[in-house]
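Student: Sharing a structure below in C-alpha cells format, with a few things to ask.
Computed from the coordinates by the stated procedures, all read-outs in this text should not be read as laboratory data. Only a predicted model underlies this, so the values are computations on that prediction, with no experimental measurement involved. Note that we place each Cβ from the backbone using ideal geometry, even for glycine, and neighbour counts take in every protein chain shown.
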Amino acid sequence: MSDIVSPRWPMLRVALVGCGAVAEYYHLPALLACPDVEVVALVDPSVERARALAQRANAPYTFSNHGELVGRVDLAVVAVPNALHEAVAYDLLAAGVHVLVEKPMGRTTAECDRMIAAAAARRVVLAVGHDFRFFPIARFAKDWFAAAPLGPIRRVDVRQSAGNRWPSVLPDVLSRNAGGGALITFGIHLVDLLCWWLGELRVVAYRDDAMGGVEAEAECEFALADGAPVLLELSWLREMRDTAIVECARGTVEIGIHEPAVIRVSVGDASTLVGNVPDQTFERAPLCTVFRRQLEDVVTAIRGAGAPLIGGLDGRRAVGIVEACYAMRQPLTRPWNYPQAYSVTRRTAD
C-alpha cells in the first residue's frame, strides 16, 4: 500500500461582484456549496446589500468598488448589469484575476475583444455564464446532433418565452444601457445553444418591436453552414412552447429548452418516442445544480485541466450574432399595430 498522498489544491479566494437577485439566489449558493472555493468578498454599490450577503457567506470583506479586490482574490464572479460587464471584467482580468462574467459577455464584440485580450495578456481564465449548456438536456442535444441519427438537418424552429422568469433587483434589463431587450438579455442563451449544437449561424433577417426602446418580442432568421433555415422567436409578453423542433432527412426531434425538458422523436407518419434526460441531482435543485456545475467547470479550468466549457471566444460569438441582428433590424409587424390598420379604422369611423 502506497504512502503517497495526492496533493490537495488550495482553495480559491472568490469575490462576488454585483449583489443582485441572480447573485443572491444562484451564484452565492453555488459558491457556498463548492468545497474548492472560499467566498472572501462581496462587492456592490449598495454596501448594505453587499453586507447582507457577506453575512450569509461569512465573508470578511465588503466593498463598493471592484478595484479593492486586486491582491485579495483569485477569481471574481461578475454579475453586474450588462452595461458594466466589460469595464469590471477588463479591470480584473488586467490585474491578473480569473473571471466568470455573466451573459451577455458584453454589449458589443468590441467590448468582448478587450476582455479577451486582457485575459490572454495575463494568462488568466475568462469564462462566460451561458449556464444553459449545463442543463442535462443541453448535453444530450449536443451529443444527439453530433451523432445525427436522423440524417442532415432540413429546418429548425425555436420558440421561447423570455419574460418574467428571471429575478431582478434593478430595472436595468429594461434600459437601453443593457444593449437591447429580449434578444441580448435572454435570447442570447438560445443563440449560444444553437451554435454549440449545430455550428455557425449566419443572420438572414431580424425583426423586433423595439420602436426606439428595447425589444419585448423578436424574430431571428438564421441559416446553418449548409443553408438550412433556422427561426428563433422570442417573447417577453406571451407564453410560447419553449422547444426547438429540428426537422431532419429521416424524421423530427423536438427538444424542450426549459427543464424538466421533454424529448420527442418522430420517424415517418406514425412512430413517436417521448422521454427525458434523467439526472437526480438536477431534479432535486435545477438551477442551483446548473450554477454549481458551471462554477466547478471554471475551477477545473483555473487548475489547468483545460479550457472552460464557455470561454471568451464562445461568448464573443454569441454577442456577434446578436450585434448582426440589431444591425439589420426591421419592424416586427402584428395584425393589431401595422400602419395600414389605423387608416382602415379611421375610414370606418368616418
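Student: Classify region 133-275 as rounded, prolate or oblate, taking a ≥ b ≥ c as the square roots of the eigenvalues of its Cα gyration tensor: rounded when a/c is under 1.5, otherwise prolate if a/b is larger than b/c and oblate if not.
Tutor: Cα axes put region 133-275 in the prolate bin.
Student: Which order do the peptides 146-158, 225-237, 19-31 take when ranked by the mean count of other beta-carbon atoms within 10 Å per residue, highest first?
Tutor: On the way: 146-158: 14.9, 225-237: 17.1, 19-31: 20.8.
Ranking, from highest mean packing down: 19-31, 225-237, 146-158.
Student: For labels at N65 and A121 in the simple 7 Å Cα→Cβ model, what's the distance in nm?
Tutor: Taking the two extended label points, one gets 2.0 nm.
Student: Another one. If the label point is 7 Å along Cα→Cβ of R176, which residues in region 100-140 have backbone nitrogen under 17 Å from it?
Tutor: 107-108
Student: Mind putting a number on the dipole of region 133-275 about its Cα centre? Charges go on the C-beta only, +1 for Lys and Arg and -1 for Asp and Glu, and I need it in Debye to the nearest 20.
Tutor: Charge dipole, region 133-275, about its Cα centre: 300 debye, nearest 20.
Student: What ranking do D36, D91 get, fewest neighbouring Cβ atoms within 10 angstrom at the top?
Tutor: So the ranking, lowest neighbour count to highest, is D36, D91.
Student: If each residue's Cβ is checked for other Cβ atoms within 10 Å, how do H66, H85 rank with the fewest at the top?
Tutor: Ascending number of Cβ neighbours within 10 Å: H66, H85.
Student: As a test of the formula, what do you get for the chain when each DSSP H run with n ≥ 4 contributes -39,500 (n - 2.57) and the sum is divided by the residue count, at 222 nm and rounded to the nearest 500 deg cm²/dmol?
Tutor: Counting only the DSSP helices, I get -10000 deg cm²/dmol.
Student: Quick one: putting +1 on the C-beta of Lys and Arg, -1 on the C-beta of Asp and Glu, what dipole do you get for the chain around its Cα centre, in Debye to the nearest 20?
Tutor: 100
Student: Could I ask something else about it? With the chain treated as a Gaussian network of Cα nodes joined by springs under 10 Å, which of P136, P308, P35 yields the largest mean-square fluctuation?
Tutor: Per the Cα network of the chain with a 10 Å cutoff, P35 tops the list.
Student: Any chance you could run the full-extension gain for A249 through N276? It's 0.36 nm times the residue separation minus the Cα-Cα distance, nm to one decimal.
Tutor: Length difference between fully extended and current span is 7.4 nm.
Student: Now for a different question. Lys/Arg Cβ at +1, Asp/Glu Cβ at -1, dipole of the chain taken about the Cα centre: which of N82, F291, F135 is farthest positive-ward?
Tutor: Farthest towards the positive end: N82.
Student: Considering only G213, M11, C195, whose Cα is most displaced toward the positive end of the charge dipole of the chain, charges sitting on Cβ of Lys, Arg (+1) and Asp, Glu (-1)?
Tutor: Ranked along the dipole, the leading option is G213.
Student: Find the relative contact order for region 201-290 and round it to a whole percent, using C-alpha pairs within less than 8 Å whose residues are 6+ positions apart.
Tutor: 14
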